[in-house]
Amino acid sequence: MGIEVNFEGKIALITGASSGLGARFAKVLAQAGAQVVLASRRTERLKELRAEIEADGGAAHVVSLDVTDFASIKSAIAHAETEAGPIDILVNNSGVSTTQRLVDVTPEDYSFVMDTNLRGAFFVAQQTAKRMIARAKGDPSKKHRIINIASVAGLRVLPQIGVYCMSKAGVVQMTKAMAVEWGKYGINTNAICPGYISTEINEDYFASEQGQKLIEMLPRKRPGKPEDLDGLLLLLAGEDSNFINGAIISADDGMTAM
């Protein structure tokens, strides 16, 4: 026996797809056969990613999305379904952070993080779920998946990023609330909590003296790679996660076990 990964005929919307984990998630789902809708403010980067996916035989679409703007969220989701079709899978990935002590956080800093990581994530999921629920009412056999990208920072406090920790803790509780309320419509909502993952955004930091000190504090003294999340992503997006709903799953190499 084995798990067969085949997303042919599925439409997956990935937010924050212009770089880092979002770009990786899009490539993995496209390789598994899904049509992916790439969403971000940086549409030029999305077009480059679309070209990469198409060159590998996948199908991708580009939509402009600013998750801090409710009108942009509604427009992007409508555009996504017009371009590709009804969304089966949402990977709710957009996120930002600041590095500072809590006493130094300004209202602008607080809003910058919360408006993207929590408020934006909520309304992207809400507006997508409304369409999923409407389809499920017409066809109760329909199955949908929402995967919220939280963080180990939502499960434990990490230094200098207190507001980010607060925002991701909100995503954890948001995931559970959505799972309870939307599960009856065939929507499975789960969260992935990555540990420290090396991407093009932070690779210079991990190479620095401060970054190396951080790596030495990790359980196995190594950051993760984006591909370390592939298996979990495919599980939660697929049919084999039928009995997984409201789960908060760490992928952190043992960091939250310390």
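Given the options ILE244, ILE14, ILE77, which has the most mean-square fluctuation in a GNM of the chain, springs set between C-alpha atoms less than 10 angstrom apart?
ILE244
Per 10 Å bin, what percent of the C-alpha pairs of the stretch 193-258 does each bin hold, from zero upward?
So the P(r) values, bin by bin, are 19, 43, 26, 11, 1.
Ratio of alpha-carbon Rg to the 2.2 N^0.38 Å globular estimate for the stretch 161-215, to two decimals, please.
Numbers: Rg = 16.2 Å, N = 55, 2.2 N^0.38 = 10.1 Å.
Computed over Cα atoms of the stretch 161-215, the ratio equals 1.61.
State the percent of C-alpha pairs, over all pairs in the stretch 137-258, separated by a distance greater than 20 angstrom.
Working: 3582 of 7381 pairs.
Across the stretch 137-258, Cα pairs with separations above 20 Å total 49 percent.
How big is D for the stretch 58-210, in µm² s⁻¹ as a whole number, if Stokes-Einstein is applied with the Kirkwood radius of its Cα pairs at 25 °C and 0.890 mPa s? Kindly include the intermediate steps, with their values, before the conclusion.
Details: Rh = 16.7 Å.
Answer, rounded: 147 µm²/s.
Over the alpha-carbon set of the stretch 14-107, divide Rg by the Kirkwood Rh and report the Rg/Rh ratio to two decimals.
Working: Rg = 14.6 Å, Rh = 13.9 Å.
Using only Cα positions, Rg/Rh for the stretch 14-107 is 1.05.
Keeping to pairs on different chains or 8 or more places apart, tell me how many lysine pairs in the stretch 138-258 have Cα atoms under 23 Å apart.
For the stretch 138-258, the number of qualifying lysine pairs is 9.
Mind listing the long-range amide H neighbours of LEU218? Cut-off is under 5 Å, sequence gap 5 or more, other chains count too, H placed in the peptide plane at 1.01 Å from N.
Hits under the 5 Å cutoff: none.
LYS225 to GLU239: extension gain in nm, 0.36 nm per residue of separation minus the Cα-Cα distance? All intermediate terms of the calculation are to be shown ahead of the outcome.
On the way: separation 14, 0.36 × 14 = 5.04 nm, distance 2.52 nm.
Gain in length upon complete extension: 2.5 nm.
The stretch 7-66: D in µm²/s via Stokes-Einstein (Kirkwood Rh, Cα pairs, 25 °C, 0.890 mPa s)? Write out the running numbers ahead of the final one.
Numbers: Rh = 10.7 Å.
It diffuses with D of about 229 µm²/s by this estimate.
Per residue of the stretch 207-221, what does 6.51 cos²θ - 1.76 cosθ + 1.60 with θ = phi - 60° give for ³J(HN,Hα)? Whole Hz please, x for Gly and Pro, Karplus curve as stated.
Listing the rounded values in order: 7, 7, 4, 5, x, 5, 5, 5, 4, 5, 8, 7, x, 10, 6 Hz.
For the stretch 98-149, list log₁₀ I(q)/I(0) at each q in 0.18, 0.23, 0.28 Å⁻¹, using the Debye formula over Cα point scatterers of equal strength and ignoring solvent, two decimals each.
Rounded to two decimals, the profile gives -0.67, -0.86, -1.03.
Can you divide the C-alpha Rg of the chain by 2.2 N^0.38 Å and report the result to two decimal places? Provide the component values of the computation, followed by the final result.
Numbers: Rg = 17.7 Å, N = 258, 2.2 N^0.38 = 18.1 Å.
Normalised Cα radius of gyration, the chain: 0.97.
Hey, what do the phi angles of the stretch 51-59 turn into as Karplus ³J(HN,Hα) couplings, whole Hz, using 6.51/-1.76/1.60 and θ = phi - 60°, x for Gly and Pro?
With coefficients 6.51, -1.76 and 1.60, one gets 4, 4, 5, 5, 5, 8, x, x, 10 Hz.
Extension gain ASP139-ASP69, at 0.36 nm per residue separation less the Cα-Cα distance, in nm? Display every interim value, and only then the final one.
Working: separation 70, 0.36 × 70 = 25.20 nm, distance 3.13 nm.
Full extension from ASP139 to ASP69 adds 22.1 nm.
Only loop residues by DSSP count here, and only those with at most 16 other Cβ atoms within 10 Å; note down the trypsin sites (Lys or Arg not before Pro) in the stretch 174-234 that meet that. Please list the in-between numbers first.
Details: sites: LYS176, LYS184, LYS213, ARG220, LYS221; in loops: ARG220, LYS221.
Listed in order of number, the matching sites are ARG220, LYS221.
Read-outs: derived from the displayed coordinates by stated rules, not from any lab. In this text, all values refer to a predicted model and were calculated from it rather than measured experimentally. So basically every Cβ, Gly included, is an ideal-geometry build from the backbone, and we count neighbours across all protein chains shown.
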